[in-house]
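Some notes on the structure that comes next.
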2 protein chains.
Amino acid sequence: MTTALAPTRDVGQGAATRPLRIALAGCGVVGGELLRLLDRASADLAARGRALDVVRVLVRDLRRERDVPVARERFTGDVGEFVAADADVVVEAIGGLEPAARIARAALARGAHFVTANKALVAAEGTALAALAAERGATLRFDAAVGGGVPALRVIESALGGARPRAVRGILNGTSNFVLTRLEGGATLDAALGEARRRGFAEADASRDLDGRDAADKLAIVAWRAFGVAPERVIVRRRGLLPHPERLVDLARALGARLRLVAECAATGAGIVASVEPTVVAADGALGRTIDEENRVEIDAGWSAPLSAGGPGAGGAPTATAILSDLLAPFEAPRPARPRAAAVADDRALSWIVGAPVAPAALLDACARAELRAVAAGCGPHGSRVIVEAVAWRALERALGALDAPERATIARLEEGVA
Amino acid sequence: MTTALAPTRDVGQGAATRPLRIALAGCGVVGGELLRLLDRASADLAARGRALDVVRVLVRDLRRERDVPVARERFTGDVGEFVAADADVVVEAIGGLEPAARIARAALARGAHFVTANKALVAAEGTALAALAAERGATLRFDAAVGGGVPALRVIESALGGARPRAVRGILNGTSNFVLTRLEGGATLDAALGEARRRGFAEADASRDLDGRDAADKLAIVAWRAFGVAPERVIVRRRGLLPHPERLVDLARALGARLRLVAECAATGAGIVASVEPTVVAADGALGRTIDEENRVEIDAGWSAPLSAGGPGAGGAPTATAILSDLLAPFEAPRPARPRAAAVADDRALSWIVGAPVAPAALLDACARAELRAVAAGCGPHGSRVIVEAVAWRALERALGALDAPERATIARLEEGVA
């Protein structure tokens, strides 16, 4: 796995009876959501021999009321006190270079498991932190730094059997993509940014998102994991959406296409090249269809199609879940071989399209007799078609049994929103 | 990680000087490609202290000539002899239930690392094999059994922080999807299947692909890893594409949509439901745009958008790469902190669209003076637009510097194939 820079190990080994001690720096949208996720997961984890205890939370403003399941006396506003906490795992979710770097170095120096979502920190000091981790037998994970909830680094590192891809490209900044989607819909930049902030996808200052610096930091980390080039050495040709993002959107629209802030790194004969820039992409392509705060990576492994991963690239729950995945990675308990859920037959009420070599009236009649809601959907060379809504498969099958030659009916399920 | 059913461990621990001994059952499209991948990766792996040695290859026909980098005397046609080989890792790529199950049990019983791409085997005996692995301290991995090169199980298991999704759906059979794409293009079923076979995406007998049994086996494994329900207990409501796949395609076409063989499992109040069936999906949706032999999974985690992964779902190289990823997973060596590649500035010849508040002639003239190939692309409220092809960023920037107020130009890169 990509981000376990030292061999994974069980920091809390032999500690099935002692809870895993977690220290969290930052209690904003992501940190707060992580505390709620940890609280919800704790019973299940304890049952698997992995009890958790959040021993320290570092915050900027101690007086602020917070809706998180952690006792107030565990909060501190003092970085020195936080760093001194005796924790097995240190999670950093404050962003920026300092005091994040100080927290990272202190945690790794004493052999802890350090998890961060901080792309600026990893892009600037990744190789130094990895070297420190290797030297001290600590572990470093930063999957949450790229892609929000999208396991971009995990896929790059774990799905290619250790081989290098030819290129990786994608949309790595959810805030700017949200803004572009809103501009396409006719909103102004101010209105788009306001909505992104209200929905928790943008900070008060979104300039690092809009000018491409955030995506460039993430791309440097991608280039590190994909090609082995030191992140702090990656030379990113970077241009952002400012000052006139709406003009960029117009340029793409004039071509019947869409504008995206595309990050790309590729291996060339000369070395690894990297760029973040406004790019006109096909409206019906994978990047053109990546909307709102979604992120997407496409990995060119030289196969018949790129390997891709997409999903929510911003927001508290996806990012906190990515941190939780990193947090638990070195401590995976064996899963029970005994199943934990029951399987039942699928007979939900769904929608269907039915074709049969009979007149529409015969099809509609068979449905009516079985009290099914059906509407005619046309005729064709193979007979007539009806759409039947909100009915379980067995009831539909029974109704069609009333037709002459029911085995000649052709039936497909209708995805929600189609027809 | 999802498929490490026992805690990952280093089977070859202390064996930095002794090569990792690999036994491979099956030397068809996938097995042969795996041997070539292993050969290509061996120098890099040896440099990282992980030398490999393919000690035994099980084949049906010993006389057949094979273009693989393994000495002929290591081949055997005898299952008993193969099972008796002293291997650290046993890879099974023959498919079907027997002798695959015998090979799996023998490998796990003596504590080896067992890797398989065999969905039928894992769907039928997954929990028994996992229990055996746990009892004997062996490891079992089968990521390659679902999704071909798409790390579907890895994403389900590693990206949700141990939480259960609400539902997982997708296209899990590359052969049937290839056939559907060709039928949409007007081909007959026979012609579509013939082409799939020539390209290595379909076996001689494609009935398990077309009737949904192959996808149902994969879905049972997905349901196991996503929801903890025993794969052999999963009740799949299954209908395939036969006897008249072209009529199903027509039904979807009549609605301006596309037909796909969609596999879905979901948690309901009553339990886990699962289905594989012809489904009409939006032409411009993620599943409708999944073409040819591609596979795709969409994981509904309750977030603002589903988490998705897609890529080549069939073919030798992607599937063999997935097996190689599984094979190496327990033996991950620490990555060197020292960078292994050089970063260079990106100044490749690319295509661009330029908008500027000047007349088209002024823009074209600036490009012509710099000897750039530019064509007018229209006028708008913000001025004129030109498309400039095959030019490096610095040359373009220099050319535009000749304009009055060059800082008012708006420039986006043009993705290949757009405009």
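Taking the numbered list (1) in a helix (DSSP H, G or I); (2) touching an Asp or Glu at 6+ places or on another chain (Cβ under 9 Å) in turn, residue A:69 passes all entries but (1).
So that you can scan it fast, the table gives a plain yes or no per residue for (1) of a type in the set (Lys, Arg); (2) over 20 Å from the mean Cα position of the chain (by Cα):
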| site | (1), (2) |
| --- | --- |
| A:199 | yes, no |
| A:212 | no, no |
| A:217 | no, no |
| A:240 | no, yes |
| A:261 | no, no |
| A:272 | no, yes |
| A:286 | no, no |
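Residue A:299 satisfies every condition listed in (1) within 19 Å of residue A:219 (Cα to Cα); (2) within 21 Å of the chain's Cα centre (by Cα); (3) facing chain B (nearest Cβ under 7 Å) except (3).
Listed here are the helices (runs of 4 or more DSSP H) enclosed by segment B:111-217 that have at least 2 residues being of a type in the set (Val, Ile, Thr): B:119-136, B:152-158, B:174-184.
For (1) without any contact (Cβ under 8 Å) to a residue 12 or more places away in the chain; (2) within 11 Å of chain B (Cβ to nearest Cβ); (3) not hydroxyl-bearing (Ser, Thr, Tyr), each residue gets a yes or a no:
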| site | (1), (2), (3) |
| --- | --- |
| A:118 | no, no, yes |
| A:121 | no, no, yes |
| A:131 | yes, yes, yes |
| A:134 | no, yes, yes |
| A:138 | no, no, yes |
| A:141 | no, no, yes |
| A:146 | no, no, yes |
| A:149 | no, yes, yes |
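What do you reckon, is residue B:202 modelled with pLDDT of 95 or more and surrounded by 22 or more Cβ atoms within 10 Å (Cβ to Cβ)? Criteria not met by residue B:202.
Quick one: in segment A:93-110, which of the residues that are in a loop (DSSP other than H, G, I, E, B) and not hydrophobic (A, V, I, L, M, F, W, C) is surrounded by the most Cβ atoms within 10 Å (Cβ to Cβ)?
Within segment A:93-110, the first condition is being in a loop (DSSP other than H, G, I, E, B), and the residues that meet it are A:93-99, A:110.
Remaining after also requiring not hydrophobic (A, V, I, L, M, F, W, C): A:95-96, A:98-99, A:110.
Working: A:95: 19, A:96: 10, A:98: 10, A:99: 17, A:110: 13.
Per the criteria, the residue is A:95.
Looking across segment A:33-50, the residues that are at pLDDT 90 or above and in contact with a strand residue (DSSP E or B) (Cβ under 9 Å, 6 or more places away or on another chain) come down to A:34, A:35, A:38, A:39.
Given the options A:248, A:287, name the one that is in contact with a Gly (Cβ under 9 Å, 6 or more places away or on another chain), aliphatic (A, V, I, L, M), surrounded by fewer than 24 Cβ atoms within 10 Å (Cβ to Cβ) and at pLDDT 95 or above.
Numbers: A:248 fails: surrounded by fewer than 24 Cβ atoms within 10 Å (Cβ to Cβ).
None of the others qualify; the one that does is A:287.
Residue count for segment A:275-296, restricted to those that are more than 8 Å from chain B (Cβ to nearest Cβ) and charged (D, E, K, R): 1. Residues that are β-branched (Val, Ile, Thr) and at pLDDT 50 or above were ranked within segment A:4-32; the one that is surrounded by the fewest Cβ atoms within 10 Å (Cβ to Cβ) is A:17. Checked against (1) at the interface with another protein chain (Cβ under 8 Å from one of its Cβ atoms); (2) surrounded by 21 or more Cβ atoms within 10 Å (Cβ to Cβ), residue A:271 passes all but a single condition, namely (2). If you go through segment B:109-161 and pick out every residue that is touching a His at 6+ places or on another chain (Cβ under 8 Å) and closer than 30 Å to residue A:33 by Cβ, you end up with 0. The single condition among (1) at the interface with chain B (Cβ under 7 Å from one of its Cβ atoms); (2) surrounded by 20 or more Cβ atoms within 10 Å (Cβ to Cβ); (3) closer than 30 Å to residue A:175 by Cβ that residue A:353 does not meet is (3). Checked against (1) buried (at least 16 other Cβ atoms within 10 Å of the Cβ); (2) over 36 Å from the mean Cα position of the chain (by Cα); (3) more than 9 Å from chain A (Cβ to nearest Cβ), residue B:391 passes all but a single condition, namely (2). So is residue B:376 touching a Leu at 6+ places or on another chain (Cβ under 8 Å) and at negative phi or not? The answer is yes for residue B:376. Taking every residue in segment A:214-228 that is under 15 Å from residue A:160 (Cβ atoms) and pairing it with any residue that is among the polar types (S, T, N, Q) and surrounded by fewer than 24 Cβ atoms within 10 Å (Cβ to Cβ), at least 6 positions away or on another chain, the pairs with Cβ-Cβ distances below 6 Å are A:225/A:2.
Table: residues versus (1) acidic (Asp, Glu); (2) free of Cβ contacts under 8 Å to residues at least 40 places away in the same chain; (3) within 13 Å of chain B (Cβ to nearest Cβ); (4) buried (at least 23 other Cβ atoms within 10 Å of the Cβ).
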{"residue": "A:314", "(1), (2), (3), (4)": "no, no, yes, yes"}
{"residue": "A:331", "(1), (2), (3), (4)": "no, no, yes, yes"}
{"residue": "A:386", "(1), (2), (3), (4)": "no, yes, yes, no"}
{"residue": "A:401", "(1), (2), (3), (4)": "no, yes, no, no"}
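Against the criterion of being touching a residue at least 24 places away in the same chain (Cβ under 8 Å), closer than 19 Å to residue A:243 by Cβ and of a type in the set (Asp, Glu), residue B:346 does not qualify.
Among B:362, B:305, B:309, B:343, which is the only one that is more than 7 Å from chain A (Cβ to nearest Cβ) and among the hydrophobic types (A, V, I, L, M, F, W, C)?
Numbers: B:305 fails: more than 7 Å from chain A (Cβ to nearest Cβ); B:309 fails: more than 7 Å from chain A (Cβ to nearest Cβ); B:343 fails: more than 7 Å from chain A (Cβ to nearest Cβ).
Of B:362, B:305, B:309, B:343, the one residue that is more than 7 Å from chain A (Cβ to nearest Cβ) and among the hydrophobic types (A, V, I, L, M, F, W, C) is B:362.
Only a single item in (1) under 16 Å from the mean Cα position of the chain (by Cα); (2) surrounded by fewer than 24 Cβ atoms within 10 Å (Cβ to Cβ) is not met by residue A:143, and it is number (2).
The values are calculated or read from the model by the stated rules, or taken from the named source; none is laboratory data. This structure is a prediction, so every number in the text was calculated from the model and none was measured. Here Cβ is always computed from backbone atoms with ideal geometry, including for glycine, and neighbour counts include all displayed protein chains.
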